[in-house]
Amino acid sequence: MLTSERNRDGLIGHVLDDRYEVVGKLARGGMATVYLANDLRLSRTVAIKIMNDGLGDADDFARRFDAEARAAAHLSHPNVVSVFDQGSDDGRPYIVMEYVQGCTLRNLITREAPMEPGRVLDLLEPVCSALAAAHAAGIIHRDVKPENVLISDRGEVKVADFGLARAITAQSHAATTGLVIGTVSYIAPELVTKGRADARSDVYSLGIVMYEMLTGRKPHTGDEPIQVAYSHVHNQITAPSMELSTTWRDAREPITGYVDALVTTAANRDRPNRPLDAGVLLAHLRQARAALARGVTDDPDLVARMRETTLAEEATTPVPAVERGITAAERRFTPVTPVSPSFDFSADGAPFYSTGPVPYSPQSPITRSLPTLSPDDPSPARRRGVRWGRLVALLLALIVLAGGGWGGWYLLEGRWTTAPPLASLTQVAAQAAAQSQELGVVFEQEYSETVPAGQVIGTDPAEGQRVLRDGVLTAYVSRGPERYAVPELVGRPSQQATAALAELNLDATLTDAYDDTAPVGQVLSQGIAAGTSVRRDTEVALTVSQGPAPVEITDFTGESFEGAQAWAEENAITLNATEENSDSVAKGVVIRQEPASGETHRGGALSLVVSKGPVLVTIPSGLRGKGAESVANQLQGLGFRTQYNRLVNGQLGLVLRIDPAEGAAVPKGSMITIYVV
């Protein structure tokens, strides 16, 4: 691309002032061309704006352009494109500026509009802040439009072209009979009718930008640029919420009354009814933004504040020079007559002006300079004079009409061409096709589901639309389908997994499931395998652990231990069982448990006490042949109960045997029968 540019642009490869090496063209407008360059001294990339040839007296323009470049350089603000240097190359002044890599607000509007109010105010607050700083310094932008708002890849918002419109206005007025600077879709009415701009003109343009972001369309339209300008002068914009009610069916965030008031007041066609400057508008914008953040949907007091043109604390502040009007030097070159058809309104994004005369009208000085003779004068000489006078007047009228007709044709048709069909062409072929139509072209990359990578999706202006000869088209080149590889999410916390998908412009749907081993919140499975390429906004189903499933506790008191074991195995419960003797609970039966009721979870534990039955005592040996009474005492001392069973008549009183027998282990307290002879 740079090679073909080099062939038709002598500045490519040129080094300005032995310092700035021009490496490529970024954009071209009717008044200046912006190039990408390397600062050889500081080893950094910069943007250089070089004024085009043929804009009037070179010395006068260079002097004014130099003054405005210095004024813009003095405007230091984080949301203003910085001006590093200025100079002149072969009589053409240039400005060296910060290079902002990213996109313009126009690209964002094309992709996202209509936008939600909160996002609109977030994007425009830094823009309004930059304009407020400029107005406080006595600088008017004069060309506020989406193309002049740059958004870097890091999300920084910066306003470009401060001071440039003012420089062009002063120079051009000196060289022409009339000039209007700006972009027709965003131009303030007073700039159309009087050629004058002040801080409120910038406020108006920013109000139109807000309207377009909120609704997705410009409030003033027409088949011809002059019709758009006429609409700015004679028509008030409608509330954005009224436009959305018919154009945006899926409004996720409604436009509140105070946002409507903010926009309609800023873009009021009557200059005194607008905020005094961008500082006042910034205060209003921040109030509206804060109210949106709090979820306020209706606030009549806030609506009333949005319609105020000054702030209470500024009531005693002197009006800055930028508000009182233009300088005496500027006033010499400022047309004060209303716009007539001789003004040249060009398409959006390009400056427009006219050097032609005001068309003939019945009040023209031509008719007032013609002789006035009485038709009743009988003198032949008088009658011949009348006829010659009428003939001269007719010829003059025909000349004026012919000139006006040619001028009108040139203004409305002759200087225009149509955007060529570049769709489906490669970048190289598209550039060649644009050059054949006397047009420049800049390329931007966008995803497309239908157009193969490397081919043009479409252009702005679109195919068949009118564009100024030697103008610049924006061609959108396909990057191919927008696809993202699904990452490995299993085993990661659900919040971390959701954030990883959001970074890839993918959505997550979560389903809970119990799991005996995974901690709560951990991803158990994903619906789309890791590494799979999917479209933007694809939903990836994630199954997330809720931990082990709950288990209702069964009371096993008085039940067999075997039953408790079967239940524990089925529900993955760990039994902590201990045994103890019990005179009342049979062996192998649960005496008690902890907890006895309630709920646990799989993998939990339950404590049981199982009966070993009563305490067993061994009956001693060597009792046979002893006296019955001493044996009974010995057994009773061991905790047994005793009873006698006398055989024959039991006269001897000796123990014949016992039951249970000697050496047997029997429960303590058992009855021992002593057989006596």
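Just so it is clear, none of the values below were taken in a lab; they were calculated from the coordinates. The structure displayed is predicted, hence computed values, not measured ones. Counting neighbours? That spans all protein chains shown, and the Cβs are built from the backbone with ideal geometry, glycine included.
Model label points for Thr426 and Glu570, set 7 angstrom from Cα along the Cα-to-Cβ axis, are 7.3 nm apart. Computed on the stretch 429-473, the Cα convex hull volume stands at 72 Å³ per residue. In the stretch 545-661, Rg over Rh equals 1.34, where Rg is the alpha-carbon radius of gyration and Rh the Kirkwood radius from pairwise Cα distances. Modelled spin labels at Asn273 and Leu504, positioned 7 Å past Cα toward Cβ, are 5.3 nm from each other.
Segment Ser560..Asn581, full-extension length gain: 6.1 nm, with 0.36 nm per residue of separation and the alpha-carbon distance subtracted. Between the C-alpha center of the stretch 185-207 and that of the stretch 603-677 there is a gap of 119 Å. Counting Lys and Arg as +1 and Asp and Glu as -1, each charge on the Cβ, what is the dipole of the stretch 483-590 about the Cα centre in debye, to the nearest 20? That gives a dipole near 900 debye. Rounded to the nearest 0.05, the FRET efficiency derived from the C-beta distance between Ala513 and Ala665 at R0 = 35 Å is 0.05. According to the Kirkwood expression over distinct Cα-Cα pairs, how big is the hydrodynamic radius of the stretch 423-511, in Å? Kirkwood radius, the stretch 423-511: 15.5 Å.
When a/c is below 1.5 the answer is rounded, else prolate if a/b is larger than b/c, else oblate, so apply that to the stretch 196-301 with a ≥ b ≥ c taken from the square roots of the Cα gyration tensor eigenvalues. It is oblate, given that a/c is not under 1.5 and a/b is not larger than b/c. Kirkwood-type hydrodynamic radius, the stretch 508-584: 16.3 Å, calculated from all non-identical alpha-carbon pairs. Full extension of the segment from Arg286 to Ser76, taken as 0.36 nm per residue of separation minus the current Cα-Cα distance, would add 73.4 nm. Its residue count N sets the reference 2.2 N^0.38 Å, and the alpha-carbon radius of gyration of the stretch 516-561 equals 2.06 times that reference.
Quick one: grab the alpha carbon gyration tensor of the stretch 613-677, order the square roots of its eigenvalues as a ≥ b ≥ c, and give me rounded if a/c is under 1.5, else prolate or oblate depending on whether a/b is larger than b/c. Prolate, because a/c is 1.5 or more and a/b exceeds b/c. Over the stretch 433-581, the fraction of Cα-Cα pairs per 10 Å bin, rounded to whole percents and listed from the shortest bin up, is 10, 22, 15, 14, 14, 9, 6, 4, 4, 2, 0. Each peptide among 267-274, 191-198, 444-451 gets the average number of other Cβ atoms lying within 10 Å of its residues, and from highest to lowest they stand as 191-198, 267-274, 444-451. Here the Karplus relation 6.51 cos²θ - 1.76 cosθ + 1.60, evaluated at θ = phi - 60°, turns the backbone of the stretch 92-108 into coupling constants of 9, x, 9, 10, 9, 10, 4, 8, 9, 8, x, 9, 9, 4, 4, 4, 5 Hz, with x for every Gly and Pro.
Distance from the Cα centroid of the stretch 117-144 to that of the stretch 268-300 is 13 Å (rounded to whole angstrom). Gain on full extension, evaluated as 0.36 nm per residue between Glu482 and Glu463 minus their Cα-Cα distance, stands at 4.4 nm. Cβ crowding within 10 Å, taken as a proxy for footprinting-reagent exposure, orders Leu262, Leu302 from fewest neighbours to most as Leu302, Leu262. Between Ala293 and Ala605, the modelled labels are 5.1 nm apart [label points 7 Å from Cα along Cα→Cβ].
Measure out, as a whole number of angstrom, how far apart the alpha-carbon centroids of the stretch 481-513 and the stretch 561-599 sit. Result: 46 Å between the Cα centres.
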